[in-house]
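Report on the following structure.
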Amino acid sequence: MTRIVEIPTSFDDRAMDHYAAAFGSWPAGERLLFDARGTTWVSPYGFVAMLTAAQAVTEARGERPILYLPASEDVRRYWARAGFLRHAAELFEVHGKVPRAASGSSDTLLEVTPVRGSDDVHEVVGRVQEGASRILLEVGLEAKATIGFTMALSEACQNIVEHAGTTGWVAVQAYDWRRRLGTRVVVIAVSDAGIGFRRSLEPTQARRFGDRWSDATALEAAWIQNVSRFRDPGRGQGLAGIKRYLGRWDGKITIRSGTARLANVPAWDREDVPMTEQLPFFPGAQVQVILPALAPK
Amino acid sequence: MIQTIRLGHLLREAVTTPYRNLVTRPTGAAVRGRIERALAESGCRTALLDFSDVDLLDLSCADEIVAKLLLLSAPRPDRYVVLWGLRDDQVEAIDHVLGRQQLAVAALAAEAAVLDVLGAVDGDARAAFGCVAERGPVSAGAVAEGLAWAEGRARAALDMLAARRLVRVAGGAFHPLLVA
């Protein structure tokens, strides 16, 4: 039996719940077929979410999932330039014409990159830093904001290394959101197929919350109270630092883990809500940071 | 005697990366281990931790290096630690992680002429620290006069700074930590 997971036509964080619902239960009891033939656009969040699902299947010793590539050659080329196809080939049985590897597009600040350990975080931070002048010029971020952005990226990647119990993925892209926000934005997407916030914090926090303990309360504990699974008083700095940075530069973060999604909603976003519960389950944790180049009107 | 410990050099020893970024907890722990060894082998009274050849310092690494150095491996009572050559973003990162844990350290930022204190100290201690840093060795009475305080208030603030090894007491006066 094969379960078809239709990749949304336009796959970003807003399409995530629709995507997650297509899996049914986890771990998937059937072979999965990711059908992206009709897909025309994927954000960094979409790329890392696809790899995360395939990784979760692999780690659960499920059958290697199938991936039907987009019908559009332009879209396939973009997927290659974003670095997605190189990693997809390791996790999926890929069907469709794979374009030759090409150098990254001008909007790609960091190709889809695995995060397996501390060395990878050094590499990710170093590569983004090398491109910092591009971020400054093309996106219009201030120099100080770029340093904070790189720090936030480092802390977000370290959450995988420190808490997920497995490896993960990161990608960074710049977008023109002139119509939506009147400015350009930088988007960081980080995802892992690990144990998620609830299981990570359960040993130290579940008793405190009692019957209220859930994916949502675990996210609140991590984000609002800066708690960590480690009892060390210096822990919890990563998310605290990201929060401080986003507050200063009017950025947005969403964290989805299990069946809940937390968002800090800046004034420029009139659609999102701080907490959503009872979502379709998805393994691990998915973090997205959006940073506007200029304070939006 | 002052011992200068170049963090960029320790980073290159600890991690095989072409970059000059102090990021991640394992990197911070490895660098701190090297700092602790250098401190143990030195007879100098003051150790300058030189950040001038470091680019990014993230919060996790700042916690592992500076906060844990102060918490877990406090040097002998006659030993002092000063951070040196910090950029604004590094000052912010260290101030943030120390503040959360009620720790403090003396620091000289890259463009600064006098020492500052980073982390958690109250307003009186911060003002007294500034007075000592600017004027050099001073008595509690001189600090009280300079800040228009009662002497008891100045002494309490200075004793707190001395207990946290942010100033040095010698010959009845409070001395700023030496950086050169």
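Data table
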| quantity | calculated |
| --- | --- |
| Paired Rg and Dmax values of segment B:51-180, which use every Cα atom, in angstrom | 14.5, 44 |
| Minimum 30 Å² accessible area buried by the other protein chains, segment B:78-107 residues, probe 1.4 Å, relative to alone | B:89, B:92, B:96, B:100, B:101 |
| Residue-wise HN-Hα coupling along segment A:149-166, computed from phi with Karplus coefficients 6.51, -1.76, 1.60 (Hz; x: Gly, Pro) | 4, 5, 5, 4, 4, 4, 5, 5, 5, 5, 4, 5, 4, 7, 10, 6, x, 7 |
| Equivalent ellipsoid semi-axes, the protein assembly as shown, via Cα gyration tensor eigenvalues times 5, rooted, Å | 47, 22, 21 |
| Rg over Rh, two decimals, segment A:191-248 (C-alpha only, Kirkwood Rh) | 0.98 |
| Rg [Å, one decimal], Dmax [Å, integer] - segment A:105-297, C-alpha atoms | 16.3, 50 |
| Rg over Rh [alpha-carbon atoms, Kirkwood Rh] for segment A:1-101 | 0.93 |
| Cα-centre dipole for segment A:1-101 with unit charges at Cβ (Lys and Arg positive, Asp and Glu negative), debye to 20 | 360 debye |
| Hydrodynamic radius (Kirkwood) for segment B:1-102, which is based on Cα pairs only, to one decimal in Å | 13.5 Å |
| Accessible area in square angstrom per residue, segment A:105-297, 1.4 angstrom probe | 41 Å² |
| Buried accessible area, chains B and A (both chains, 1.4 Å probe, Å² to nearest 100) | 2300 Å² |
| Pairwise centroid distance, computed over Cα atoms, of segment B:102-145 with segment A:182-197, Å | 41 Å |
| Rounded to whole Hz, the Karplus (6.51, -1.76, 1.60) HN-Hα couplings of segment B:50-62, x for glycine and proline | 8, 9, 5, 9, 10, 8, 7, 10, 8, 5, 5, 6, 4 |
| Selected from A:286, A:158, A:55 as most flexible by GNM, with chain A as the system and alpha-carbon contacts under 10 Å | A:158 |
| Exposure rank, largest accessible area first [B:11, B:147; 1.4 Å] | B:147, B:11 |
| Cβ-defined net charge surrounding residue A:32, 12 Å radius [Lys, Arg +1; Asp, Glu -1] | -2 |
| Chain A - percent of accessible surface contributed by carbon and sulfur, probe 1.4 Å | 49 percent |
| Dipole of the protein assembly as shown, positive end: most advanced residue of A:163, B:61, A:245 [Cβ charges, Cα centre] | A:163 |
| Dipole magnitude of the protein assembly as shown about its Cα centre (Cβ charges: Lys, Arg +1; Asp, Glu -1), debye to nearest 20 | 320 debye |
| For residue B:81, distant residues with modelled amide H under 5 Å away | B:47 |
| Positive-pole candidate from B:138, B:167, B:150, dipole of segment B:121-180, charges at beta carbon | B:167 |
| For chain B, size of Cβ-based charge dipole, Lys and Arg +1, Asp and Glu -1, in debye | 580 debye |
| Choice from A:70, A:274, A:44 showing the highest fluctuation, given a GNM over chain A with Cα pairs closer than 10 Å | A:274 |
| Charge-dipole axis of segment A:1-101 as Lys and Arg at +1 and Asp and Glu at -1 on Cβ define it, positive-most pick from A:79, A:45, A:99 | A:99 |
| Chain A: relative contact order as a whole-number percent, Cα under 8 Å and 6+ apart | 17 percent |
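The values are calculated or read from the model by the stated rules, or taken from the named source; none is laboratory data. What you see is a predicted model, and the numbers here were worked out from it, not measured in a lab. All Cβ positions, even for glycine, are placed from backbone atoms using ideal geometry, and neighbour counts span all protein chains on display. Calculation scope for accessible area: heavy atoms of the full protein, side chains included, ligands and nucleic acids excluded. Shrake-Rupley method; radii C 1.70, N 1.55, O 1.52, S 1.80 Å.
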